Amino acid sequence: MASRGLARAVWLRWLLAVALHAVAAAPAAGGDTVWKMTRHSFDRTLTYDNGLGFWLSSAGTMALRNRVQLLPPVADRYGIFWHKKVLHSDDFEVSFTISSRAGQNQDGQFAFWLSPDNFTETYDEQAIISTSKNLTLGLQTAGLTLLANRPTFRGLAVIFSQRNQVTAVFSDGKEPITMEDLATGQTGKRTHVRKRNLDWTGRELQVKLRLRKNSLILQVVHDATPQGKDPKFSELMRLPNAGTWKRDENFFGFSGYSGISSALTLELLSVNTRNFNMQTVGEDDAIEEIEDGREWMKVLEQEKRYVSQASQKEAVVSLTKLLSDHVNRSTSFGEQLRATLAKLEGRLDSLGGEFRTLVAETQAFDFSQNKFDPDQVRQHIKRIGSILSKEDGGHSKKMEEVHSVAKGLKVQGQAKVISGEARAKVESVAEQAKSLELHAAAGSTQTSFSLLALVLAVAGLGLLFLNRMRYYEKKHYI
């Protein structure tokens with residue numbers, strides 16, 4: 001009964017998961033049925049409760065209260081934001097909303113990437129940071145020279161330049177691509193490029209990419225849509241799906257560069273991913289939940305057959321296996337979450353230390369004269385000296401307490417003189433020990449003499465026995 005109830009509980013959990021995905025399925029414009037992929041989507045706030053663990057954020061990218069800051073308002077900063085999970089569909093749509101503030105030099109840019117390769121598996125943030133404190137040099141050493149991605153990437157790149165230009169590139173990864181190549185149009189025969197002019201900076205912009213088996217459509221909404229109304233997208237470009245990768249397995253992400261001297265600030269407000277292929281759920285975790293539910297359904301369907309002892313044993317074995325698989329999956333997810341939290345805690349500690357250093361350096365620097373302020377430096381030295389003096393005083397106080405305790409113990413030891421009665425007892429014990437030693441020595445001497453007498457007696461008896469035997473021998477021969 002307990003196993004049956006547990007099976008029903010897991011089955012209800014599976015039904016709930018399916019129901020939640022079913023709620024996400026709704027008719028799209030044009031009458032197509034669409035399935036929202038919730039693990040690849042978010043709106044404004046992104047936390048661990050609604051999928052932050054599915055994303056890789058690095059460099060200057062950070063999830064804030066009501067947005068994801070892809071590029072901070074600081075010059076010469078990169079942003080990296082990729083989804084870790086594969087997207088299983090060959091007919092889907094990704095729409096995202098951005099808000100930007102332009103820099104003066106107009107050299108900032110960002111890109112949307114769609115690739116069959118999992119960028120997050122090969123990206124090693126620790127190795128990049130340990131290579132150089134300059135992130136640009138670290139990315140170059142790692143081969144990530146195309147807006148924090150490889151110049152031999154496979155898939156689609158939609159690059160938004162601050163010069164009000166949008167460039168869409170399909171690449172098979174066999175020829176490297178540089179930003180200079182895209183600017184001059186010399187991208188080789190293996191790439192397919194489309195360019196359009198678009199004034200996208202300084203406003204909210206909604207972008208939608210619809211990837212089908214034979215084409216890709218890029219649409220945009222220039223102005224923010226009033227709440228409660230559907231956005232009206234206008235087609236920006238359409239290009240053939242020239243990608244050579246496997247159509248139903250894709251990863252997507254964002255990256256950008258704020259600019260050399262003036263900062264392009266870019267915030268990601270929402271990402272909405274929808275699946276138009278009704279033959280697949282599109283997300284690994286959802287597929288696992290449904291497949292897991294199907295296994296539990298099989299057990300429940302066979303419930304009436306478990307009447308004999310053999311069939312009941314078979315049911316117990318099957319339930320044990322299902323529970324073990326469920327525990328293993330949960331344990332693996334917990335370990336991943338724990339490792340992610342530990343890594344995040346370490347990054348926050350490191351960031352706090354860097355902030356404290358920057359604050360101290362900022363306070364000591366005179367920006368009006370472009371040099372360090374001696375008075376501020378002197379104040380910092382005085383503060384350090386006061387801290388050391390305070391610690392030295394505390395240390396001296398502790399040492400004095402230790403010496404005082406040691407001195408007290410010494411005085412107490414000297415004050416405790418042995419009394420006459422105690423001395424008499426000690427002398428009595430000494431006399432008894434000495435008497436015992438003499439008694440033991442005398443006993444040892446007596447034992448030695450007794451042993452010698454015993455040996456002599458045995459030797460005498462042996463001689464008498466030998467003489468008697470000789471007498472009998474002589475008598476026998478005579």
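Listed values, structure above:
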| item | result |
| --- | --- |
| Flagged links, alpha-carbon separation over 23 Å, of Lys36/Lys343; Lys36/Lys208; Lys84/Lys208; Lys36/Lys174; Lys133/Lys343 | Lys36/Lys343; Lys36/Lys174 |
| For Arg67, residues with placed amide H under 5 Å, excluding near neighbours | Leu46 |
| Segment 206-222 versus segment 323-401: alpha-carbon centroid distance in Å | 46 |
| Amide H contacts of Asp373 (H built 1.01 Å from N, under 5 Å, at least 5 apart or other chain) | Phe365, Asp366 |
| Rounded to whole Hz, the Karplus (6.51, -1.76, 1.60) HN-Hα couplings of segment 164-172, x for glycine and proline | 6, 9, 10, 10, 9, 10, 9, 9, 8 |
| ³J(HN,Hα) computed for each position of segment 141-154 - Karplus, 6.51 cos²θ - 1.76 cosθ + 1.60, integer Hz, glycine/proline x | 5, 7, x, 9, 9, 9, 6, 6, 9, 6, x, 9, 5, 10 |
| C-alpha center-to-center spacing [segment 56-89, segment 113-162] in angstrom | 13 |
| Whole-Hz ³J(HN,Hα) from phi, Karplus 6.51 cos²θ - 1.76 cosθ + 1.60, for segment 176-186, glycine and proline x | x, 10, 10, 5, 5, 4, 5, 5, 8, x, 8 |
| Cα-based reach from Lys390 at 18 Å (exclusive), listing aspartates and glutamates while leaving out same-chain residues under 8 positions away | Glu400, Glu401 |
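No lab work stands behind these numbers, since they all come straight from the coordinates. In this text, all values refer to a predicted model and were calculated from it rather than measured experimentally.
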